[in-house]
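Student: The structure that follows is given in the form of structure tokens.
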Amino acid sequence: MAGYILRRLAQIVPALLLISIVVFALQTASRIDPAHEIVARQNGGFAPPAAIAAKRHELGLDRPLPVQYVRWLGGIVRFDFGRSYRDGTPVSTLLRQRLPATILLAVAALALTLVVSVPLGVAAALWRRVRLFDVAVRVLSVLGASIPGFALALGLIWLFAARLHWLPAFGGPSLRQLVLPAVALAVPQTGLLVRLTRAEVLDVLGSEFVVVAQAKGLPRRTVALRHLLPNALVPILTVAGLMVANLLAGAFIIEFVFAWNGLGRLAVAAVQDGDMPVVLAYVLFVAATFLLVNLVVDVLYAVVDPRLRVKAPWQ
Amino acid sequence: MEQNYWTKRTYNRRMVLRGLVAMTGAVTLAACGSAKKNNSNTAIATRPAGAATSAPGAGSSPAAVAPSGTLRLVHWEGPALVDPVKEDSPDLLMEYGMGECLTRVTADMKLAPWLAQSMEIVDATTTRLTLRPGLTFWDSSPLDAQAVKLSLERAWAGNPSTDAYISKQTQIVVDSPTSLTFKTPAPQGNVLNNLANYPFVIHRAITEDNVVLSGPYRATSIVKDASLTLEPYLGHWGATGKIKQIQAKIVPDANTRALALQSGDADFAWQLPVEQVDSLKGQFTIVDVPSVRGSIALLNVHRPPFDDLAARKAFALGIDRDALVKGVLLGAGVPMRGTFPPGFGVDVVETQTYDPAQAKQLLDQAGWQMGSDGVRVKNGNRLSFTALTYPGRPELKPLSIAIQSQLKPLGFEVKPQEVQSISAATKSGDFGAAFASAMTLPTADPQYFYDFAYVTNGGFNLGKYSNPQLDALVMQLRGEIDPQKRADFSKQIQQLLGQDVPAVYMVSKTFKTGYVKKFSGYVPHPIDEYLITTDWKIG
């Protein structure tokens, strides 16, 4: 297992390199000129050509592209992501400042999603003959999965902050400030996961080994926890893993509405301003997150399903 | 068998209901963890701004009323640094009451001394200013003529655009600790106006990373894009700030700002969505803030259809500005029929009125024939253009859509397109009209906007309009110091713009600001930069 993990970790490096080249090329191909944007912002939209040229030189944007890329890559190897074009703040400082808020929100939303959706999905599958319950779960999960993020977020603020005065209108580090953004982020994920869990449990429910376990008179709890759930869990894990990566990559709509100072807002502002060092660092972070989460999910497969630990004869 | 197995006795509907109630209760309890409302903010001071030392002159200011109370303000943006040279949006330093210039524009759009006590235009190249006595920066160091000279030289060195406002070749002569003379290399009649522009906020760089300003409020903590805490600078030359602490929260979404006011999380909300204002009236004070900001469409005069004067004129004649104000701005604004919004102390020559019949006539005369699909054609070119808008000014997109329907009966085809960066999107010249929102009179002087948007190679001349006659007129305006003659030149320039139509003037938005009843002292100002003042009071 350790060798497998090391091999997978080693594969991440070339993948990140490739991604960095693609992103660098895309960002360069975009028509946004960072020098123009900065000068214009500093002067209320007024951007004299001489000032733009001076800024381009200052930022090193007048050098050939390969030189710019290699310089940037050289910095990355030394964990120096460069400085934001906007105000000269080191990008690593920006990421360090924003990451805790993003992780906090992602963890809270994920916890909420899992705590609600897995039991609800399992219950919906097991008691699908209880029509009212089954219909309610299905309708709510479709609603949850399809409601636009900004509408849900504003609706939650309107109800719980402006009308009921139970919770603050915008996000922050305290538990009370965390609730609404986390719920707004968790609701669509919950809707999806409830449906998936229900479908997976239903699928496993028809398996022969479950029928045999029931016929043997095993207690329902034992059948559910030892036979049903572990077998239904593999696809759920995959989706939950992707959710983690999505949540960490930045829920920028939720962050925007709740004024949550996370990576999503940072990235959107950076893209708008052509702040290339921040964009590149963010994309690398997102790519690394997806790759690492996939690795963790693969490892968890083996933990959840022992069959995956056994080598096939041809391996 | 499966149904009976999972649903028999212990798992009945009541149990399901009970379980759901328990789950909901748990979530609600978690949500309402603290019983009482906690309004205190957790200060995360990652970047202390300027020197943190208290001013020894505390209490010695003319208004020795002890500051009191805390104001929670929600704004859509905030500064990251207190350095006007390095800060991305240095206008915010003035907006938050931290930065001051030598001169300022008053709420009735008059130029007035600020850090300067008096000012005098000696001749077309010489301007003399006398500073107020006893000026200090936040670190209590003297803000004298030499400090002003160093500040301006640092602005010229660090922000090359400042050269376009006042030439960096300008000689600054320190006549005495409180007086200095500006000698510009060429005649320039608006030096005093341009000294009110935010890139010229007077500052002192103790080190490259530690800059102090002189305004009545100073930042004690800044978290980039998140929050800002301000406290009064007790050594300020004028009245000191009356509010003990201003906690600014950066809330980019306008709806959330309005809801924060309703929820009690904010005392002052800057720029509210018009559609939410009715629900706030009564409980809060809602103020209209007319603005010198104007929504205009800069036309690409180098490609069809707007390389044809008739098409440009027809566009200008074909839009019903009153309907745009009513329908798009929901009444919160005024129509713009001239280069500047009306009512801000500058003579506005109204050159663009609504006359669709004349627009049709012009197009017919110019040879634009109506096609079978309702779009006119001339020499194989359709009367069709891309209308670029950008998300930073949300009113532009609905304006472009409304104009699409207004121009359609005339035979225009308008294709609205939102882009991230208007400057980037227009760079290649592959567009018809760039819809933009521009500060037209940030220094109360019209020359700024002519230089900015209409002079050949102007920094915001997105349509690449060029007319040597206009350039010459602006040059004459630039060198003129007599106010009446300047006004005459300005009118001539506007008339010329009216003939050439390089831009279509649309509307000027009136912003809405709301605050709690216990807050007072807010004076609406047409220029955003003059937001927080020492008149602000809470409680």
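Student: Within region B:389-397, is even one residue buried (at least 24 other Cβ atoms within 10 Å of the Cβ), farther than 30 Å from B:Leu195 by Cβ, in contact with a strand residue (DSSP E or B) (Cβ under 9 Å, 6 or more places away or on another chain) and at pLDDT 95 or above?
Tutor: Just the residues of region B:389-397 that are buried (at least 24 other Cβ atoms within 10 Å of the Cβ), to begin with: B:389, B:396.
Add one more test, that the residue is farther than 30 Å from B:Leu195 by Cβ, and what stays is B:389, B:396.
Now restrict to residues that are in contact with a strand residue (DSSP E or B) (Cβ under 9 Å, 6 or more places away or on another chain): B:389, B:396.
So of that shortlist, the ones also at pLDDT 95 or above come out as none.
Scanning region B:389-397 turns up no residue that is buried (at least 24 other Cβ atoms within 10 Å of the Cβ), farther than 30 Å from B:Leu195 by Cβ, in contact with a strand residue (DSSP E or B) (Cβ under 9 Å, 6 or more places away or on another chain) and at pLDDT 95 or above.
Student: Touching a strand residue (DSSP E or B) at 6+ places or on another chain (Cβ under 6 Å) and surrounded by fewer than 20 Cβ atoms within 10 Å (Cβ to Cβ): which single residue out of B:Gly479, B:Gly521 fits that description? Before the answer, list the steps.
Tutor: Working: B:Gly479 fails: touching a strand residue (DSSP E or B) at 6+ places or on another chain (Cβ under 6 Å).
Checking each option against the conditions leaves just B:Gly521.
Student: OK, next. Determine which member of the set B:Asp144, B:Asp123, B:Asp175, B:Asp225 is acidic (Asp, Glu) and within 28 Å of the chain's Cα centre (by Cα). Let's see the steps before the verdict.
Tutor: Working: B:Asp144 fails: within 28 Å of the chain's Cα centre (by Cα); B:Asp123 fails: within 28 Å of the chain's Cα centre (by Cα); B:Asp175 fails: within 28 Å of the chain's Cα centre (by Cα).
Answer to the selection: B:Asp225.
Student: For region A:175-184, does any single residue satisfy the condition of being touching a Gly at 6+ places or on another chain (Cβ under 7 Å) and at pLDDT below 90?
Tutor: Yes: one or more hits.
Student: What single numbered condition from (1) more than 10 Å from chain B (Cβ to nearest Cβ); (2) under 25 Å from the mean Cα position of the chain (by Cα) fails to hold for A:Val135?
Tutor: (2)
Student: Within region B:228-252, can you find the residues that are within 21 Å of the chain's Cα centre (by Cα), crowded, with 24+ Cβ neighbours inside 10 Å and either without any contact (Cβ under 8 Å) to a residue 24 or more places away in the chain or in a loop (DSSP other than H, G, I, E, B) (or both)?
Tutor: Once the filter is applied, which keeps residues that are within 21 Å of the chain's Cα centre (by Cα), crowded, with 24+ Cβ neighbours inside 10 Å and either without any contact (Cβ under 8 Å) to a residue 24 or more places away in the chain or in a loop (DSSP other than H, G, I, E, B) (or both), region B:228-252 yields only B:Val251.
Student: Looking at (1) in contact with a Leu (Cβ under 8 Å, 6 or more places away or on another chain); (2) within 14 Å of chain B (Cβ to nearest Cβ), can you tell me which one A:Leu300 breaks?
Tutor: So the condition that A:Leu300 fails would be (2).
Student: Could you pull out the residue among A:Trp166, A:Trp158 that is surrounded by fewer than 21 Cβ atoms within 10 Å (Cβ to Cβ), in a loop (DSSP other than H, G, I, E, B) and within 12 Å of another protein chain (Cβ to nearest Cβ)?
Tutor: Working: A:Trp158 fails: in a loop (DSSP other than H, G, I, E, B).
That would be A:Trp166, the only listed residue that is surrounded by fewer than 21 Cβ atoms within 10 Å (Cβ to Cβ), in a loop (DSSP other than H, G, I, E, B) and within 12 Å of another protein chain (Cβ to nearest Cβ).
Student: Let me spell it out: the conditions are (1) more than 22 Å from B:Ala453 (Cβ to Cβ); (2) touching a residue at least 40 places away in the same chain (Cβ under 8 Å), and B:Pro113 meets all of them except one. Which number is the exception?
Tutor: For B:Pro113, the exception is condition (2).
Student: On the given criteria, is A:Ala215 farther than 17 Å from A:Leu104 by Cα, surrounded by fewer than 21 Cβ atoms within 10 Å (Cβ to Cβ), modelled with pLDDT of 85 or more and more than 12 Å from chain B (Cβ to nearest Cβ)?
Tutor: Working: farther than 17 Å from A:Leu104 by Cα: yes; surrounded by fewer than 21 Cβ atoms within 10 Å (Cβ to Cβ): yes; modelled with pLDDT of 85 or more: yes; more than 12 Å from chain B (Cβ to nearest Cβ): no.
Judged against the criteria, A:Ala215 is not a match.
Student: Looking at region B:195-223 only, could you name the residues that are within 14 Å of another protein chain (Cβ to nearest Cβ), touching a His at 6+ places or on another chain (Cβ under 7 Å) and either closer than 14 Å to B:Gly97 by Cβ or at pLDDT below 95 (or both)?
Tutor: Answer for region B:195-223, where residues must be within 14 Å of another protein chain (Cβ to nearest Cβ), touching a His at 6+ places or on another chain (Cβ under 7 Å) and either closer than 14 Å to B:Gly97 by Cβ or at pLDDT below 95 (or both): there is none.
Student: Something else now. Among the candidates A:Leu263, A:Leu196, A:Leu242, A:Leu229, single out the residue that is crowded, with 22+ Cβ neighbours inside 10 Å, touching a residue at least 12 places away in the same chain (Cβ under 8 Å) and more than 10 Å from chain B (Cβ to nearest Cβ). Spell out the reasoning first.
Tutor: Working: A:Leu196 fails: crowded, with 22+ Cβ neighbours inside 10 Å; A:Leu242 fails: crowded, with 22+ Cβ neighbours inside 10 Å; A:Leu229 fails: crowded, with 22+ Cβ neighbours inside 10 Å.
None of the other options fit; the residue is A:Leu263.
Student: Quick check: anything in region B:390-408 aromatic (Phe, Trp, Tyr) and within 28 Å of B:Gln365 (Cβ to Cβ)?
Tutor: Initially, region B:390-408 is screened for residues aromatic (Phe, Trp, Tyr), giving B:390.
In the following step, the residues that additionally are within 28 Å of B:Gln365 (Cβ to Cβ) were identified as none.
Looking through region B:390-408, none of the residues is aromatic (Phe, Trp, Tyr) and within 28 Å of B:Gln365 (Cβ to Cβ).
Student: Run A:Ile147 past the list (1) more than 12 Å from chain B (Cβ to nearest Cβ); (2) more than 30 Å from B:Arg257 (Cα to Cα) and report the number of the one that doesn't hold.
Tutor: (2)
Student: A:Ile32 - would you say it is crowded, with 18+ Cβ neighbours inside 10 Å, over 30 Å from A:Val299 (Cα atoms), out of contact with any Pro (no Cβ under 9 Å at 6 or more places or on another chain) and not basic (Lys, Arg)? Give the derivation first.
Tutor: Details: crowded, with 18+ Cβ neighbours inside 10 Å: yes; over 30 Å from A:Val299 (Cα atoms): yes; out of contact with any Pro (no Cβ under 9 Å at 6 or more places or on another chain): yes; not basic (Lys, Arg): yes.
So A:Ile32 fits the description; yes.
Student: I'd like the full set of residues that are away from chain A (no Cβ under 13 Å) and under 15 Å from the mean Cα position of the chain (by Cα), limited to region B:436-469. Even if it seems obvious, please write down each step before you answer.
Tutor: Filtering region B:436-469 for residues away from chain A (no Cβ under 13 Å) gives B:444-446, B:463, B:465-469.
Correct list: B:Ala444 only.
Student: So, in region B:345-377, exactly how many residues are touching a strand residue (DSSP E or B) at 6+ places or on another chain (Cβ under 8 Å) and not small (Gly, Ala, Ser)?
Tutor: Result for region B:345-377: 8.
Student: Check every one of the strands (runs of 3 or more DSSP E) wholly within region B:48-145 and list those with 1 or more residues that are in contact with an Asp or Glu (Cβ under 7 Å, 6 or more places away or on another chain), away from chain A (no Cβ under 14 Å) and at pLDDT 95 or above.
Tutor: Values: elements: B:68-75, B:103-105, B:111-113, B:116-123, B:126-131.
Strands (runs of 3 or more DSSP E) meeting the threshold: B:68-75, B:126-131.
Residue-wise test of (1) away from every other protein chain (no Cβ under 14 Å); (2) under 30 Å from B:Pro133 (Cα atoms); (3) touching a Pro at 6+ places or on another chain (Cβ under 8 Å); (4) of a type outside the set (Asp, Glu).
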| site | (1), (2), (3), (4) |
| --- | --- |
| B:Gly238 | yes, yes, yes, yes |
| B:Asp267 | no, no, no, no |
| B:Leu272 | no, no, no, yes |
| B:Phe284 | no, no, no, yes |
| B:Val301 | yes, no, yes, yes |
| B:Asp308 | yes, no, no, no |
| B:Leu324 | yes, no, yes, yes |
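Student: Does region A:35-54 hold any residues that are in contact (Cβ under 8 Å) with a residue 12 or more places away in the chain, surrounded by 24 or more Cβ atoms within 10 Å (Cβ to Cβ) and not acidic (Asp, Glu), and which are they?
Tutor: Selection gives A:Ile38, A:Val39, A:Ala51.
Student: Which residues, taken from region A:107-146, are farther than 25 Å from A:Leu225 by Cβ and of a type in the set (D, E, K, R)?
Tutor: A:Arg131, the sole residue that qualifies.
Student: Checking B:Gln276 against (1) modelled with pLDDT under 95; (2) within 14 Å of chain A (Cβ to nearest Cβ); (3) part of a strand (DSSP E or B), which single condition isn't satisfied?
Tutor: (3)
The values are calculated or read from the model by the stated rules, or taken from the named source; none is laboratory data. Predicted model, so just to flag it, every value in this text is computed and none were measured. Don't worry about glycine lacking a Cβ; one is built from the backbone with ideal geometry, like all the others, and counts go over all protein chains shown.
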